[in-house]
Amino acid sequence: MVPISLEGKVALVTGGGQGLGAETARTLHRAGARVAVTYFEGGGGVNRGKAEALTVELGEGAMAIEGDVRDFEAAQTAAAAVTDQWGGLDILVNNAAILRDRSLAKMSFEEWQAVIETNLTGVFNMTKSSLPHLRAGGRVINMASIAAIMGFFGQANYAAAKAGVIGLTRVLSRELGRKGITVNAIAPGVVLTEMGQSIPEDVRAEMLRQIPLGKFGEPSDIANAVLFLASPLAGYITGQTLQVNGGWVG
């Protein structure tokens, strides 16, 4: 048995109150890391409530931080809060993302901009803000998507943003390698989170027929991939995009 221990490590998971972010936070915490999750103070306090409920569930070594990843100053404040609490940062998981699906002909500029600002600019904001706090041997793990590779109908904004994340990952792996910091991305397939379940049933049925393993992913499938990339076992892996999709390729 080769155990994965993150004892003594500090992790920050953006959008960590629900879905993949919450499962990632749980997994990193079980491995021994102290974990902070950010939430966007919107939706009538729902996001805050979910994030705070998660920290109560995890107990000691967990905290929730308000942080709109679209806002560079808010990102700086969130990253600094982790260092203030725990003395530094070892693992950054850029998970926060939204969907605003619509064909290009019907997509508004606001729908385009909202997705780009959250899903791509948010990764820039959080990574740049975290650099002063990331310790040597740190890990940056970015959530990309199968959409960046497949280019699904109605996802021009989402696919473009996630493709940008993959490109940004490659560049940052070169820039941060000299500091011993690895930068990788994970490109999940369809995962049965709230976001995945929002896909129309007939579309999901067609997607399922194209997956060799014959099933959709579970949040734990993605969280376990994050755990591996965050661990010492992945110390010589950087600039890569790990596809976790049940074998579904274009």
### Message
Can you tell me which of (1) within 23 Å of Thr118 (Cα to Cα); (2) in contact with a Gly (Cβ under 8 Å, 6 or more places away or on another chain) is the one Ala161 doesn't meet?
### Response
(2)
### Task
Could you please give the count of residues in region 8-60 that are in contact with a helix residue (DSSP H, G or I) (Cβ under 7 Å, 6 or more places away or on another chain), farther than 20 Å from Ala225 by Cβ and open to solvent by 60 Å² or more (accessible area, probe 1.4 Å)?
3
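Here is a yes/no grid of residues against (1) touching a helix residue (DSSP H, G or I) at 6+ places or on another chain (Cβ under 8 Å); (2) assigned to a helix (DSSP H, G or I); (3) exposed (fewer than 15 other Cβ atoms within 10 Å of the Cβ); (4) charged (D, E, K, R):
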residue	(1), (2), (3), (4)
Ile199	yes, no, no, no
Asp202	no, yes, yes, yes
Leu213	no, no, yes, no
Asn224	yes, yes, no, no
Phe228	yes, yes, no, no
Tyr236	no, no, yes, no
### Summary
When (1) open to solvent by 60 Å² or more (accessible area, probe 1.4 Å); (2) within 20 Å of Val13 (Cβ to Cβ); (3) out of contact with any strand residue (DSSP E or B) (no Cβ under 8 Å at 6 or more places or on another chain) are applied to Thr193, the one that fails is (1)
### Task
For region 171-183, state whether one or more residues are at pLDDT 95 or above and part of a loop (DSSP other than H, G, I, E, B).
yes
### Summary
Only one of (1) open to solvent by 20 Å² or more (accessible area, probe 1.4 Å); (2) in contact (Cβ under 8 Å) with a residue 12 or more places away in the chain; (3) part of a loop (DSSP other than H, G, I, E, B) does not apply to Ala160, and that is (3)
## Note on the structure
Inside region 21-38, the number of residues satisfying the requirement of being assigned to a helix (DSSP H, G or I) and in contact (Cβ under 8 Å) with a residue 60 or more places away in the chain is 7
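Would you mind listing the helices (runs of 4 or more DSSP H) fully within region 39-148 where at least 3 residues are small (Gly, Ala, Ser) and more than 27 Å from Leu233 (Cα to Cα)?
Details: elements: 46-58, 72-86, 109-116, 122-130.
The qualifying helices (runs of 4 or more DSSP H) are 46-58, 72-86.
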### Message
I'd like the full set of residues that are more than 15 Å from Ser145 (Cβ to Cβ), open to solvent by 30 Å² or more (accessible area, probe 1.4 Å) and either touching a residue at least 24 places away in the same chain (Cβ under 8 Å) or small (Gly, Ala, Ser) (or both), limited to region 163-190.
### Response
Arg170, Arg174, Gly177, Lys179, Gly180
### Summary
Flagged in region 86-120 as open to solvent by less than 80 Å² (accessible area, probe 1.4 Å), farther than 13 Å from Arg70 by Cβ and free of Cβ contacts under 8 Å to residues at least 12 places away in the same chain, in numbering order, are Ser108
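Quick one: count up the residues across region 64-85 that are under 14 Å from Val10 (Cβ atoms) and surrounded by 20 or more Cβ atoms within 10 Å (Cβ to Cβ).
The initial filter retains those residues of region 64-85 that are under 14 Å from Val10 (Cβ atoms), namely 65, 78-85.
Filter again for surrounded by 20 or more Cβ atoms within 10 Å (Cβ to Cβ), leaving 65, 78-79, 82.
Residues that pass the stated criteria total 4.
The values are calculated or read from the model by the stated rules, or taken from the named source; none is laboratory data. Predicted model only: the values in this text are computed from it and were never measured. Cβ: placed from backbone, ideal geometry, glycine included. Neighbour counts: every protein chain shown. Quick note on the areas: whole protein, heavy atoms, side chains included, nothing else; ligands and nucleic acids left out. Shrake-Rupley method; radii C 1.70, N 1.55, O 1.52, S 1.80 Å.
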